[in-house]
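These notes are about the structure you will find just below.
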Amino acid sequence: GDSVTQMEGPVTLSEEAFLTINCTYTATGYPSLFWYVQYPGEGLQLLLKATKADDKGSNKGFEATYRKETTSFHLEKGSVQVSDSAVYFCALNPRSGYALNFGKGTSLLVTP
Amino acid sequence: EAQVTQNPRYLITVTGKKLTVTCSQNMNHEYMSWYRQDPGLGLRQIYYSMNVEVTDKGDVPEGYKVSRKEKRNFPLILESPSPNQTSLYFCASSPQVSDSPLHFGNGTRLTVT
């Protein structure tokens, strides 16, 4: 079935470092792809999304490009801040079903 | 303010004592869903609802019930909780499933002893 695999954490970076969190997917059709972020003690909130191949989603300095040829949707940010410390989830909407399939989450800790 | 409201935020109970976690959204969304979040397992869907009186099982429905009598409310019912249902629960809603993002509540941390 459709699924998402993302790199395991925790990831620890110094402030202003470059961030990449890898996400690859398996899907039979043409899913929509999402990144959600969960700050401590809160629910998940949408960070960015892409609905078709070669789309680039961006928000708050984060970017991810929907790569059909490599079935990937890696999350990147050029310069992380302490306030970016959170858990990041890659997710897939298969269109043929109703459930959003989530990866297991990657914990990011940014130190001053 | 558009939001999904879950109550309670924290709940400690004993095995077998029936409980209900409430979820309410004020965005007139058709789709609502319950997830549980466990370390190393990510988020797993329990039940979902496409509209009033329409509910269906997700990936891990055993031990849970839901109802959707009104569009805004989607309570999660544990009729006989067990320790393996100790988890962090999230309710979510969206106007449609395809490309619309889910809006999440702030979670309910349940401990069953």
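The values are calculated or read from the model by the stated rules, or taken from the named source; none is laboratory data. These figures come from a predicted structure and were not determined experimentally. Positions of Cβ are generated from backbone atoms using ideal geometry, with glycine treated the same way; all protein chains shown enter the neighbour counts.
Observations, loosely collected:
- Counting only residues that are among the hydrophobic types (A, V, I, L, M, F, W, C), at pLDDT 95 or above and more than 10 Å from the chain's Cα centre (by Cα), region B:1-26 holds 5 of them.
- Selection count where residues are outside any strand (DSSP E or B), among the aliphatic types (A, V, I, L, M) and closer than 24 Å to B:Glu1 by Cβ, scope region B:25-81: 2
- Note on region B:32-84: residues that are surrounded by 14 or more Cβ atoms within 10 Å (Cβ to Cβ), over 25 Å from A:Gln38 (Cβ atoms) and in contact with a Gly (Cβ under 9 Å, 6 or more places away or on another chain) amount to 0.
- Listed by first and then second residue, the pairs with beta-carbon distance under 6 Å, at least 6 apart or on different chains, first residue in region A:41-64 and over 30 Å from B:Pro8 (Cβ atoms) and at the interface with chain B (Cβ under 9 Å from one of its Cβ atoms), second assigned to a loop (DSSP other than H, G, I, E, B) and modelled with pLDDT of 95 or more, form an empty list.
- For the criterion of being within 11 Å of chain B (Cβ to nearest Cβ) and either over 25 Å from B:Arg109 (Cβ atoms) or assigned to a loop (DSSP other than H, G, I, E, B) (or both), A:Thr28 fails.
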